[in-house]
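Notes to accompany the following structure.
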Amino acid sequence: MSATPTTDRLESSLAPAFVALCVGAVAMGISPIFVRFAAADVGPFASAFWRVALSLPVVYAWMVIEEKRAPVDAPRRSYTRATVLAGLAFSGDLFFWHLSILNTTVANATFFATTAPLFVILIVWFVLKQRISRGTIVGLLFCLLGGGALIGQSLQVDPARIRGDLFGVATAFFFGLYFLAVGRARDNAGAARVTFEAGMVTSAVLLVIALLFDTRVIPHTWQGTAALTAMAFISQAGGQGLLAIALGRLPPVFSSLVIFLEAIAAAVFGWLILNEALTLIQSLGGALILIGIWAARPRSHAPVG
């Protein structure tokens, strides 16, 4: 992974990349709604498989268009180690996320999954030996407090659910690893190619998992099919694709904090579509996340964070 983009590149591309990242986070934030609508048709692992597999034709078309418009000397290396690692990491993320949901409360699973930026920072700091800015640390603390406030009223401390909580921590680790792998993969290929090739790896892994662990793999109603298709197009092709675009320009550490917007989007969509309550504390949690993202924003001549 390259250390930090040059100042000129960072300043010139920050705004569009940041917008792509925010829209991508919102697109991924609606995925639990689609999972809820598809739950009567397919099991959780099958749902994760269809999310990725059904997006592949769309992402492939995007890749063809992107590479036709790209300069001849643009990097196009296929299935690099970073891209394969991104696909495996996202497989781990979705696998442990669903295991966490099955073995603990949704609130607990969501809370532990939102700690992914913590793992990004730890890997960048201790493994890659890159310096983290003070603003990033402050931003992380605000985002974690905000994420806790969003779901804190539903959190439960129960020794019987410790295994599910640990699965949630594993979810966060693999999602953090996914961020770093995509950031590295973008050095050698465009956003569409990275998204498509990582998706090929992920769908292959998830198909095996779905066949092993789910009894319901094929959707049999129009509602289930529509929900899975919408999740594939919006949350996977749209959300993950925009994330890959942003990670070609923004530091992975900062990008991982912006994904906290996914928690805000999930709460808002739950309120609008499923009539779930949205409390004052949750609203304050959303505000803390926004403050944290602002505090961690990239600055000129700043460290990687």
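The values are calculated or read from the model by the stated rules, or taken from the named source; none is laboratory data. What you are looking at is a predicted structure, and each value in this text was computed from that prediction instead of being measured. Please note: Cβ atoms are built from the backbone with ideal geometry, for glycine as well, and neighbour counts cover all protein chains shown.
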Inset, instruction - Test each condition in (1) part of a helix (DSSP H, G or I); (2) in contact (Cβ under 8 Å) with a residue 40 or more places away in the chain for L250 and report the one that comes out false. - result: (1)
Legend entry - Residue that is touching a Pro at 6+ places or on another chain (Cβ under 8 Å) and either closer than 14 Å to P117 by Cα or part of a helix (DSSP H, G or I) (or both), where the choices are F179, F196: F179
Inset, instruction - Determine if the range 179-202 includes at least one residue that is surrounded by fewer than 17 Cβ atoms within 10 Å (Cβ to Cβ) and of a type in the set (V, I, T). - result: no
Legend entry - Pair list, Cβ < 7 Å and 6+ apart or interchain, from the range 213-234 residues that are closer than 22 Å to L102 by Cα to residues that are surrounded by fewer than 16 Cβ atoms within 10 Å (Cβ to Cβ) and at pLDDT 95 or above: V217/L211
Legend entry - Tally of residues being of a type outside the set (V, I, T), in contact (Cβ under 8 Å) with a residue 60 or more places away in the chain and more than 15 Å from A160 (Cα to Cα) across the range 100-120: 4
Legend entry - Filter result (among the β-branched types (V, I, T) and assigned to a helix (DSSP H, G or I)) within the range 115-155: V120, I121, I123, V124, V127, T136, I137, V138, I151
Inset, instruction - For the range 211-240, name all the residues that are surrounded by fewer than 16 Cβ atoms within 10 Å (Cβ to Cβ) and not aromatic (F, W, Y). - result: L211, L212, T215, I218, H220, T221, Q223, A226
Legend entry - helices (runs of 4 or more DSSP H) contained entirely in the range 1-98, each with at least 3 residues that are at pLDDT 95 or above: 44-53, 56-69
Legend entry - Those residues of the range 114-149 which are hydrophobic (A, V, I, L, M, F, W, C), surrounded by 21 or more Cβ atoms within 10 Å (Cβ to Cβ) and within 18 Å of the chain's Cα centre (by Cα), in sequence order: A116, V120, I121, V124, L140, C143
Inset, instruction - May I ask you to list the residues in the range 158-172 that are in a helix (DSSP H, G or I) and surrounded by fewer than 23 Cβ atoms within 10 Å (Cβ to Cβ)? - result: P159, A160, R161, I162, R163, G164, D165, L166, V169, A170
Inset, instruction - Considering (1) modelled with pLDDT of 90 or more; (2) hydrophobic (A, V, I, L, M, F, W, C); (3) surrounded by fewer than 24 Cβ atoms within 10 Å (Cβ to Cβ), say which one I281 fails and leave the rest. - result: (1)
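Table: residues versus (1) under 19 Å from V194 (Cα atoms); (2) aliphatic (A, V, I, L, M); (3) surrounded by fewer than 19 Cβ atoms within 10 Å (Cβ to Cβ).
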residue: V59; (1), (2), (3): yes, yes, no
residue: V64; (1), (2), (3): yes, yes, yes
residue: K68; (1), (2), (3): yes, no, yes
residue: P71; (1), (2), (3): yes, no, yes
